[in-house]
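The structure appears right after this line, and notes come after that.
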Amino acid sequence: MRRKRSAADQQIADLLVTAKKSLDLSVAFLSRLDGTTQHLEVVETSVPVLVQEGAKVRQDTSFCQAILDGKLPAVIPDVKRYPAAMALPSARIPRIRSYVSTPVVLSDGSLYGTFCAFGFTSDKQLGKRDEALVKVLAGAAAVIIEPEVREQQRRSEIEGRLDPVVAEGGPVVLLQPVVDLATGTRVGAEALSRFPAGWGRTPDVVFAEAHSVGMGHALELQALERAAEHLDRVGGYVAMNVSPATLLTPACGELLRRLPLHRVVLELTEHDAVEDYDRLSAALAPVRAAGLRLAIDDVGAGFSSLRHIVVTAPDVIKLDRSIVTGLAADRVLATLVGSLVSFAHGCGAHVVAEGVETAEDATALRALGVDHGQGWYFGRPGPPEALGLPAPRTRAAVPGVLLNR
Ligand code: C2E
Ligand code: CA
Ligand code: CA
């Protein structure tokens, strides 16, 4: 049975019909060559039994390879006149007697495969004009195929990078301190995933790529699992990032229910559109009732976060570093943060400022009523040991002890 053709395959099929009819041959096909195998990806044939779409043949004994190698001409009106052609398996089955083949080359010059037509009788009329037509059609085929090929390459590149990470149980997860601005005490830490440095991609980009190939939930769950392992190693809360989509998976609910939820803050990023707030609230209700605190991440970075806040009534609002860094010297930012603090406190939420890079900003944030701070000034993301002593629960640490770590 023939597999369902994609829209692109159908366009290719139209080109093949044109070739088959114009050249008055029995079969026309588009093949992909992978080095060892010729894949007959789209086939238009008047004799369906002999040549089937999806068939695979050996590349090194194919007509197309012999033509690519220059052992046979691109147009063969009569196969019997070429001993090299008669020696090939398809000269016997399916008894090819006339053949036209032209390479399908992508925009970067790489060979994709071939665009061909053949007959079961010799055809003395076949000549240069037919070759020219097939070349034009092959060029059109290349343009049609290219986006699919590139998408396939993108997917396999991403999967090739992610597979070993997933096989190892997920990314490395570091912790970055979150500090009480009034006392300097570390109150918690945010778990941040790290992928191989050679990838040159920030974790948010990697997670987005993973979602684009259907591996996002698995990867996010592994990161959560790894973040949760840190709960035994450090004091205070551990803030974990999760996308709304992964949060809605049953596996995420199961994972969360196993954790000491009063020590977990879940950070929902706002750059993901939430499609169904009712489902999100329903998924969150039992874990929040069991002690989990909810944070809305990156507030101030876009405009959808206010909706997140209104609908989810979070325990924590995290101010994006774009409205935090440099605020000591920027009255507009300071005013904005001041209003967000009133807004958050009015909703009963704590405020955490991200991207605190200097003492000046830390002081200004504290003066504006921001509760907690996170950023390079207090400590970069690092292994759990680097956080030092567990966050004290009762005694307030001397302000400044955690600084410049
Ligand atoms: P985010 O949740 O907003 O995390 C804060 C980002 O700011 C982190 O980038 C952190 O390294 C960086 N940062 C912290 N302090 C400073 C500072 O003082 N200055 C500056 N310039 N940057 C600072 P990172 O680690 O590259 O993570 C980027 C994003 O990737 C995160 O943004 C989060 O959205 C996502 N992400 C990271 N780990 C995970 C994870 O395990 N799961 C999910 N779903 N997302 C994750
Ligand atoms: Ca975060
Ligand atoms: Ca953030």
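The values are calculated or read from the model by the stated rules, or taken from the named source; none is laboratory data. Not measured: the values here are computed from a predicted model. Don't worry about glycine lacking a Cβ; one is built from the backbone with ideal geometry, like all the others, and counts go over all protein chains shown. In case anyone asks, the SASA skips ligands and DNA or RNA and just uses the protein heavy atoms, side chains included. Shrake-Rupley method; radii C 1.70, N 1.55, O 1.52, S 1.80 Å.
Restricting attention to the stretch 194-233, which residues are within 9 Å of ligand 1 (Cβ to nearest atom), more than 15 Å from R161 (Cα to Cα) and not in a helix (DSSP H, G or I)?
None - no residue of the stretch 194-233 is within 9 Å of ligand 1 (Cβ to nearest atom), more than 15 Å from R161 (Cα to Cα) and not in a helix (DSSP H, G or I), so the list stays empty.
Where residues in the stretch 90-104 are open to solvent by less than 40 Å² (accessible area, probe 1.4 Å) and among the aliphatic types (A, V, I, L, M), which of them is farthest from V51 (Cα to Cα)?
Here the residue is V104.
Name the pairs: first residue in the stretch 196-213 and closer than 13 Å to E157 by Cβ, second residue within 14 Å of ligand 2 (Cβ to nearest atom) and in a helix (DSSP H, G or I), Cβ to Cβ under 9 Å, at least 6 apart or on different chains?
A210/E220
For the stretch 249-275, enumerate the residues that are open to solvent by 50 Å² or more (accessible area, probe 1.4 Å) and at pLDDT below 95.
Answer for the stretch 249-275, where residues must be open to solvent by 50 Å² or more (accessible area, probe 1.4 Å) and at pLDDT below 95: H271, D272, A273, E275.
Residue-wise test of (1) open to solvent by 60 Å² or more (accessible area, probe 1.4 Å); (2) in a loop (DSSP other than H, G, I, E, B); (3) not assigned by TED's automatic domain parsing to the domain that holds D69.
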residue	(1), (2), (3)
A117	no, no, no
Q125	yes, yes, no
L133	no, no, no
P164	yes, no, yes
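Condition test on V238, is it open to solvent by less than 50 Å² (accessible area, probe 1.4 Å), within 16 Å of ligand 2 (Cβ to nearest atom) and free of Cβ contacts under 8 Å to residues at least 40 places away in the same chain?
no
Name every residue in the stretch 49-94 that is closer than 21 Å to D123 by Cβ, within 40 Å of the chain's Cα centre (by Cα) and assigned to a loop (DSSP other than H, G, I, E, B), in order of residue number.
Residues satisfying the conditions are V51, S62.
Would you mind stating whether A290 is aliphatic (A, V, I, L, M) and within 16 Å of ligand 3 (Cβ to nearest atom)?
It is false that A290 is aliphatic (A, V, I, L, M) and within 16 Å of ligand 3 (Cβ to nearest atom).
Only one of (1) within 25 Å of D14 (Cβ to Cβ); (2) surrounded by 15 or more Cβ atoms within 10 Å (Cβ to Cβ) is not met by S107, so which one is it?
(2)
Would you be able to tell me the number of residues in the stretch 235-275 that are part of a helix (DSSP H, G or I) and within 15 Å of ligand 1 (Cβ to nearest atom)?
8
Only residues that are more than 10 Å from ligand 1 (Cβ to nearest atom) and small (G, A, S): list them for the stretch 313-327, please.
A313, G326
Of all residues in the stretch 271-300 being within 26 Å of A353 (Cα to Cα) and either acidic (D, E) or outside the structural domain of S322 (by TED's automatic domain parsing) (or both), which is farthest from ligand 2 (Cβ to nearest atom)?
D272
Taking E148, is it modelled with pLDDT under 95, part of a helix (DSSP H, G or I) and surrounded by fewer than 14 Cβ atoms within 10 Å (Cβ to Cβ)?
yes
Residue-wise test of (1) in the same structural domain as A141 (by TED's automatic domain parsing); (2) touching a Cys at 6+ places or on another chain (Cβ under 8 Å); (3) over 25 Å from E148 (Cβ atoms).
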| position | (1), (2), (3) |
| --- | --- |
| Q38 | yes, yes, no |
| E41 | yes, no, no |
| L50 | yes, no, yes |
| K56 | yes, no, no |
| D60 | yes, no, yes |
| I67 | yes, no, no |
| P77 | yes, no, yes |
| K80 | yes, no, yes |
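If you go through the stretch 131-140 one residue at a time, do you hit one that is within 28 Å of the chain's Cα centre (by Cα) and away from ligand 1 (no atom under 16 Å from the Cβ)?
no
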